[in-house]
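Enquirer: Pasting a structure below so you can have a look.
The values are calculated or read from the model by the stated rules, or taken from the named source; none is laboratory data. The structure displayed is predicted, hence computed values, not measured ones. Ideal geometry is used to build each Cβ from the backbone, glycine not excepted, and the neighbour counts take in all protein chains shown. Accessible surface is based on the protein model in full, side chains and every heavy atom, while ligands, DNA and RNA are left aside. Shrake-Rupley method; radii C 1.70, N 1.55, O 1.52, S 1.80 Å.
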Amino acid sequence: QVQLVESGGGLVQPGGSLRLSCAASGRTFSSYAMGWFRQAPGKEREFVAAIAWHGGPTPYADSVKGRFTLSRDHAKNTVYLQMNRLKPEDTAVYYCAAVRPGLTTRADAYDYWGQGTQVTVSS
């Protein structure tokens, strides 16, 4: 079994920054890619970014390119989503997820999900 725990959400003003963390435990993650998705009220879950566990291109949604950065720390089995220049439309519950064997932007392909962390961007 795989456990994913997100943290770092909260309330931030437009233009501000937050860093989300996703700590993974359980089985080895050497073969897993990790992704972040978000879901706003009344909307479908959408892809944000994903990263292969051992490097390679990191795809981002067009809406977050240039503002969000995804990184990982192998020693801590943790991935981080640095979110800068936040906008009200970034408000959503953010979920991290794990998938193998390959990196994908499709939510239905992911095997494990965290419980989500709320991000609210408002003045």
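Enquirer: Using a simple charge model, +1 on the beta-carbon of Lys and Arg, -1 on the beta-carbon of Asp and Glu, nothing else, what dipole does the chain show about its Cα centre, in debye to the nearest 20?
Expert: 200 debye
Enquirer: How high is the relative contact order of segment 1-114, in percent, counting Cα pairs under 8 Å that sit 6 or more residues apart?
Expert: Answer for segment 1-114 is 34 percent.
Enquirer: To continue, here is another question. At a 1.4 Å probe radius, carbon and sulfur cover how many percent of the accessible area of the chain?
Expert: That fraction is 48 percent.
Enquirer: If you wrap a convex hull around the C-alpha atoms of segment 66-123 and split its volume per residue, what is the figure in Å³?
Expert: Given the Cα convex hull of segment 66-123, per-residue volume reads 118 Å³.
Enquirer: Using the Karplus equation 6.51 cos²θ - 1.76 cosθ + 1.60 (θ = phi - 60°), what ³J(HN,Hα) coupling, rounded to whole Hz, does each residue of segment 81-98 give in order, writing x for Gly and Pro?
Expert: My calculation for segment 81-98 gives 10, 7, 10, 10, 6, 5, 10, x, 6, 7, 4, 4, 8, 9, 10, 9, 8, 10 Hz in order.
Enquirer: Continuing with this model, one more query. If we restrict to alpha carbons, what Rg and Dmax does the chain come to, in Å?
Expert: 13.4, 41
Enquirer: If you rank R106, R72 by how much accessible surface each has, with a 1.4 Å probe, what is the order from largest down?
Expert: R106, R72
Enquirer: What whole number of Å gives the distance from the Cα centroid of segment 39-72 to the Cα centroid of segment 97-123?
Expert: Between the Cα centre of segment 97-123 and that of segment 39-72, the gap is 9 Å.
Enquirer: A follow-up question, please. Please give the solvent-accessible surface of H74 in Å², to the nearest 10, using a probe radius of 1.4 Å with every protein chain present.
Expert: Surface accessible to solvent at H74 totals approximately 80 Å².
Enquirer: How large is the dipole of segment 1-54 about the Cα centre if only Lys and Arg carry +1 and Asp and Glu carry -1, each at its Cβ, rounded to the nearest 20 debye?
Expert: 40 debye
Enquirer: Amide H to amide H under 5 Å from T91: which residues, 5+ apart in sequence or cross-chain, H placed 1.01 Å off N in plane?
Expert: Amide H neighbours of T91, under 5 Å, 5+ apart: V121.
Enquirer: Just the number please: accessible area per residue for segment 49-123, 1.4 Å probe, all protein chains included, in Å².
Expert: 49 Å²
Enquirer: A further question on this structure: Could you pull the accessible area for D62 with a 1.4 Å probe, rounded to 10 Å²?
Expert: 120 Å²
Enquirer: Taking a cut-off of 28 Å between Cα atoms, list the lysines near K43, but don't count ones fewer than 8 places away on the same chain.
Expert: Straight-distance partners of K43: K65, K87.
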